[in-house]
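Heads up, the thing below is written out as structure tokens.
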Amino acid sequence: MKCTTKKEVITETQYIDAAITLDKLRESTVRTEQSFLRNELFQSNPHGTCCICNNIMPTDFLVAHIKKRSKCDEKEKRDYKNIVSPMCKFGCDELYEKGLIAVHKGSVINLNNEPLYGKVDDYLNKLTGQNCKTYNSHSNKYFEWHYLKHKK
Ligand SMILES: [Zn+2]
């Protein structure tokens, strides 16, 4: 499994040295659209459905995206009716984010081709073939972007 997250590494000596701060200041942009998108997805409904596992759960456990935001152009970012889809924090969002699953032609497919630990394999098998209810002719291009990026 590939991991693309950049990590800063410190030594044990640096870690225990109280003179060295463990926190770093970073400049970041604020995603001003987050609350708007959540409102569009869930309105005032306290529950939503994960588009991968199709479980209904409180919206606090759902995050929203299809195509990686940093890869979207301005027009795509503003395509709010199609660029977001709810995925649960119980595994679906993480597996999608890591490219182990994708939505292709409306169904969840398993892109992983190496054995992982039992629980992860079990979960991947459970998701495979699920019907993605937010897949349609408008959201297709975003799901397809993700699929093509991660397929082997
Ligand atoms: Zn889920």
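The values are calculated or read from the model by the stated rules, or taken from the named source; none is laboratory data. Source: prediction; values computed, not measured. Cβ placement follows ideal geometry from the backbone for every residue including glycine, while neighbour counts extend to all protein chains displayed. For the accessible areas, the whole protein counts, side chains as well, though only heavy atoms, and no ligand, DNA or RNA atoms are used. Shrake-Rupley method; radii C 1.70, N 1.55, O 1.52, S 1.80 Å.
Taking the stretch 75-85 as the range and being touching a helix residue (DSSP H, G or I) at 6+ places or on another chain (Cβ under 6 Å) and within 16 Å of the ligand (Cβ to nearest atom) as the test, only V84 passes.
Considering only residues that are within 16 Å of the ligand (Cβ to nearest atom) and farther than 11 Å from H104 by Cα, look in the stretch 133-151 and name the one that is surrounded by the fewest Cβ atoms within 10 Å (Cβ to Cβ).
Step one: list which residues in the stretch 133-151 are within 16 Å of the ligand (Cβ to nearest atom), which gives 133-135, 143, 146.
With the extra rule that they be farther than 11 Å from H104 by Cα, the set shrinks to 133-134.
Values: K133: 13, T134: 22.
The qualifying residue surrounded by the fewest Cβ atoms within 10 Å (Cβ to Cβ) is K133.
Counting only residues that are farther than 20 Å from D93 by Cβ and either open to solvent by less than 70 Å² (accessible area, probe 1.4 Å) or away from the ligand (no atom under 16 Å from the Cβ) (or both), give me the strands (runs of 3 or more DSSP E) lying completely in the stretch 6-74 with at least 1 of them. Can you show your working first?
On the way: elements: 47-49, 56-58, 62-64.
Strands (runs of 3 or more DSSP E) meeting the threshold: none at all.
Could we say that C88 is open to solvent by less than 30 Å² (accessible area, probe 1.4 Å), under 15 Å from the mean Cα position of the chain (by Cα), within 15 Å of V63 (Cβ to Cβ) and within 12 Å of the ligand (Cβ to nearest atom) here?
Details: open to solvent by less than 30 Å² (accessible area, probe 1.4 Å): yes; under 15 Å from the mean Cα position of the chain (by Cα): yes; within 15 Å of V63 (Cβ to Cβ): yes; within 12 Å of the ligand (Cβ to nearest atom): yes.
Considered against the rule, which asks whether it is open to solvent by less than 30 Å² (accessible area, probe 1.4 Å), under 15 Å from the mean Cα position of the chain (by Cα), within 15 Å of V63 (Cβ to Cβ) and within 12 Å of the ligand (Cβ to nearest atom), C88 comes out as yes.
Consider the stretch 91-108 and keep the residues that are in contact with a strand residue (DSSP E or B) (Cβ under 7 Å, 6 or more places away or on another chain) and not in a loop (DSSP other than H, G, I, E, B). The one that is surrounded by the fewest Cβ atoms within 10 Å (Cβ to Cβ) is S107. Residue count for the stretch 112-132, restricted to those that are surrounded by 11 or more Cβ atoms within 10 Å (Cβ to Cβ), modelled with pLDDT under 95 and not in a helix (DSSP H, G or I): 2.
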